[in-house]
Amino acid sequence: MARKEDTNQIFDIPFAKRTYLKNSNSKLYIKILLISIFLLLLFLFAGLRLIRDSKIVFSSFLDKQIDMKDDQRILGHLPYPEISKDKLVFIEPNIEVHIDMRESLLKMREDAKKDGIYLVFLSGYRSTNLQKDIFYSLKSIRNQIASERARVSAPPGYSEHSTGFAIDIGDYMQRETDFEVEFENTDAFKWLQRHAAKYHFKLSFNKNNKHIDYEPWHWRYEGSIEALKIFENSNRKSK
Ligand SMILES: [Zn+2]
């Protein structure tokens, strides 16, 4: 009998121990669960931070790319490719423009005439060579250094006129304002301000441009994909 009790005692001990172990295990599970939840939240938080940071890095990378394009400027002017001859058409004996803007430009002049406004086309496409002559000869005539001259004329290779999408416009009734800031007071300019956008024309150098002087006579065409591509960088910078 005494032996049986002994046996029971022997069995009892592991049983009690096992219960103790079971309790200890569930506490451990809870601990592991809590730690897992904590780690999960930590990773989630870290992940969100990483996404946010990479967005910041990416956008600053884009800004840098834009700045790099900025570096292509010379004296405030952006570089422009010269248009191939087969895309140019004469709209007047001495004025050539890109074929894509011909129709819109002539329609604009026609519609202005109906309103009693007489637009004169002063200059369209200019080759890089002609721009070279203008930039360097006028510079010496006016006794200006390049940076002064660049405020009123683009260096060769940097003129919107070489794209065929730029046009200088005057008022037939006030020719003395040709290529002058006073052109902004003419009826022609006021008409253009109200209506030019309808024909996809935009003033290139407005009063807010910090590099280049205000040119109320100089308009550019943005009514085709080719034109928009050419002026994309300029438009991005002026935002
Ligand atoms: Zn011009």
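Summary of values
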item: Calculated from backbone phi, Karplus (6.51, -1.76, 1.60) coupling profile of segment 185-197 in Hz, x at Gly/Pro; result: 8, 7, 5, 4, 5, 4, 5, 4, 4, 7, 10, 4, 4
item: Phi-based couplings in Hz for segment 40-51 (Karplus 6.51, -1.76, 1.60; Gly and Pro marked x); result: 4, 4, 4, 5, 4, 4, 4, x, 4, 4, 4, 4
item: Dipole in debye (nearest 20) - segment 67-125, about Cα centre, beta carbon charges: Lys, Arg +1; Asp, Glu -1; result: 200
item: Whole-number Å³ per residue for the convex hull built on Cα positions in segment 85-237; result: 118
item: Pairs from LYS113/LYS210; LYS114/LYS210; LYS87/LYS132 whose Cα-Cα separation, in the structure shown, is over 28 Å; result: LYS113/LYS210; LYS114/LYS210
item: In segment 110-192, the trypsin sites (Lys or Arg not before Pro) that fall in loop regions by DSSP, at most 13 other Cβ within 10 Å; result: ARG142
item: Kirkwood Rh and Cα Rg combined as Rg over Rh, evaluated for segment 178-239; result: 0.97
item: Long-range HN-HN contacts of LEU122 with modeled amide H, under 5 Å; result: ASP168, ILE169, GLY170
item: J(HN,Hα) series, segment 170-175, from Karplus relation 6.51 cos²θ - 1.76 cosθ + 1.60, nearest Hz, glycine and proline x; result: x, 9, 4, 7, 9, 5
item: Computed label-point distance, nm, for sites GLN193 and SER84 using a 7 Å Cα→Cβ extension; result: 4.1
item: Computed FRET value (nearest 0.05) for PHE45 with GLN72, which takes r as the C-beta separation and R₀ as 45 Å; result: 0.60
item: Charge tally in the Cβ shell below 14 Å around PHE165, where Lys, Arg are +1 and Asp, Glu are -1, PHE165 excluded; result: -3
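We did not get these values from a lab; they are worked out from the coordinates using the rules stated. Model, not experiment: these values are computed from the prediction. Ideal geometry is used to build each Cβ from the backbone, glycine not excepted, and the neighbour counts take in all protein chains shown.
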